[in-house]
Amino acid sequence: DGGITQSPKYLFRKEGQNVTLSCEQNLNHDAMYWYRQDPGQGLRLIYYSQIVNDFQKGDIAEGYSVSREKKESFPLTVTSAQKNPTAFYLCASSLNRDPLMKNTEAFFGQGTRLTVV
Amino acid sequence: RKEVEQDPGPFNVPEGATVAFNCTYSNSASQSFFWYRQDCRKEPKLLMSVYSSGNEDGRFTAQLNRASQYISLLIRDSKLSDSATYLCVGQKSGGTSYGKLTFGQGTILTVHP
């Protein structure tokens, strides 16, 4: 089955620790995204990547880092510099082409709930 | 001003009702739009794509008005299972960041018996 997989589903971190969230897709999508969602809020873009070995900051990149060494993988590291990391993290992927060409919708993984204890 | 804005609701409607959600966008570079549905503590899932003036899929109709920078979603004959948060999404076209998706804050719908 083609899809996008995030792991782990739940993650607990002590203050001051870095933690890496995994995101893997086998949809052959070039574009991948990381969003953060806080309770009762919409999705805010952390980082996105349109192609391997390239990525761009989103609206709330401070305290986060990413890498895109393989097309299938886009891991997100939540660093100790992120002041309020407890949130629901969602990874998504899509075809990387001009939206005017259609079929550019994003598909999401099931998310990772990160809690700082 | 946020790039994509929605009325957060909540909307509470009886089964069988017709309900409409509105969404406005400020970035004229946004060329494609989507409506996603998100159930509690789950990931968003695509409900409808809106590439031109609008489209219809069963009980759901989406409309796009580029002149007013406005998108709407109409749900007819509401079902209990329609209860969810509905997210309006704009996607940029052209430039170096084409494809970038921007989400509204979501509109909560509760359908009651």
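Worth a mention:
- Of the strands (runs of 3 or more DSSP E) lying entirely inside region B:40-113, those containing at least 2 residues that are open to solvent by 60 Å² or more (accessible area, probe 1.4 Å) and of a type in the set (D, E, K, R) span B:54-57.
- Some residue of region A:42-55 being within 24 Å of B:GLN6 (Cβ to Cβ), of a type in the set (Val, Ile, Thr) and modelled with pLDDT of 95 or more: yes
- Note on region A:58-107: residues that are among the basic types (Lys, Arg), open to solvent by 20 Å² or more (accessible area, probe 1.4 Å) and under 17 Å from A:LEU45 (Cα atoms) amount to 1.
- Filter result for A:LEU90 (within 11 Å of chain B (Cβ to nearest Cβ) and modelled with pLDDT under 95): no
- Check on B:ASN27, under 14 Å from B:ILE108 (Cα atoms) and open to solvent by 20 Å² or more (accessible area, probe 1.4 Å): no
- Among residues of region A:37-46, those that are within 11 Å of chain B (Cβ to nearest Cβ) and open to solvent by less than 50 Å² (accessible area, probe 1.4 Å), counted: 5
- Index of the failed condition, B:LYS92 passing every other in (1) of a type in the set (D, E, K, R); (2) out of contact with any helix residue (DSSP H, G or I) (no Cβ under 9 Å at 6 or more places or on another chain); (3) at pLDDT below 95: (2)
- Candidate set from region B:33-51 (those that are at the interface with chain A (Cβ under 10 Å from one of its Cβ atoms) and over 12 Å from the mean Cα position of the chain (by Cα)); member that is nearest to A:TRP34 (Cα to Cα): B:GLU43
- Among the residues of region A:56-68, the ones that are facing chain B (nearest Cβ under 8 Å) and at pLDDT 95 or above come to 0 in all.
The values are calculated or read from the model by the stated rules, or taken from the named source; none is laboratory data. Remember, predicted model here, so these are calculated numbers, not experimental data. For neighbour counting, all protein chains shown are included, and Cβ atoms are generated from backbone atoms with ideal geometry for every residue, glycine included. Side chains included, ligands, DNA and RNA excluded: accessible areas come from the protein's heavy atoms. Shrake-Rupley method; radii C 1.70, N 1.55, O 1.52, S 1.80 Å.
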